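These notes are about the structure you will find just below.
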Amino acid sequence: MAITQAQLDELWDFSDPAGSEQRLHTAAGQTTDAADRAEWQTQVARALGLQERFTTADAVLDDLDPTTPAVRVRVLLERGRLRNSAGDATAAVPLLEDAAQIAASAGLLFLQVDALHMLAIADAAHAPEWTAQALAALATTDDPRTLRWLVGLHNNAGWAHFDAERYEDALAAFEAAQDAATRWGTPQQLTWAAEAIAETRAALEP
């Protein structure tokens, strides 16, 4: 049985990757299912990557036996994240493309959108296309936790527009992020969306 996003949410604190690493490592050690243990270990690798311990994170992934689609996707996804975080976006893209494709074929929508969202970051030249694919995939679900991806997708698009001084487009994207945060997001995401809207409106002032 694959681990759930709710289980991951309970243990992840992205502001504390070291603490998250310990909690995830404990969870991996407590499960008796080999596939579940491998999934937990992919998250240990992610936490290590957030601490910039890239070699150690890769070693964790090297030790895994991806016997299920979920594990295969997560290994590819985390390797892609590691490459991108280490500054090698070119190496990240094919890994993330494979992750998105396998996830789509296996019906793993949450992971498919995660991979597409990462592709929009790593392959910035094609970010609109990757984001459009993610939005199209999300249109097929009514799961609130999966729909939370809309917040990040619109937010990332907004900052891309903002950095290119396309402030009207940025404002529209941030307002979409705010709407998604109101419906499916966290209080922190709602605050960030409001701050982005305020900053963009200030940039639009003559």
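Each reported figure results from applying straightforward, stated rules to the coordinates on display, with no laboratory input. Everything numeric here is computed off the predicted structure, so don't read it as measured data. Don't worry about glycine lacking a Cβ; one is built from the backbone with ideal geometry, like all the others, and counts go over all protein chains shown.
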Qualifying residue in segment 26-46 (condition: touching a helix residue (DSSP H, G or I) at 6+ places or on another chain (Cβ under 7 Å), farther than 24 Å from T146 by Cβ and surrounded by fewer than 16 Cβ atoms within 10 Å (Cβ to Cβ)): no
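Yes/no matrix, rows are residues, columns are (1) farther than 23 Å from D114 by Cα; (2) touching an Asp or Glu at 6+ places or on another chain (Cβ under 9 Å); (3) of a type in the set (D, E); (4) assigned to a helix (DSSP H, G or I):
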residue	(1), (2), (3), (4)
A127	no, no, no, yes
W130	no, yes, no, yes
N156	no, no, no, yes
E165	yes, no, yes, no
A181	no, no, no, yes
T191	no, no, no, yes
E195	yes, no, yes, yes
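In segment 132-141, which residues are small (G, A, S) and either under 16 Å from the mean Cα position of the chain (by Cα) or assigned to a helix (DSSP H, G or I) (or both)?
Of everything in segment 132-141, those that are small (G, A, S) and either under 16 Å from the mean Cα position of the chain (by Cα) or assigned to a helix (DSSP H, G or I) (or both) turn out to be A132, A134, A136, A137.
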Qualifying position, being crowded, with 19+ Cβ neighbours inside 10 Å and part of a helix (DSSP H, G or I), among A92, A104: A92
Per-region count, segment 129-183, residues aliphatic (A, V, I, L, M) and under 13 Å from A203 (Cβ atoms): 3
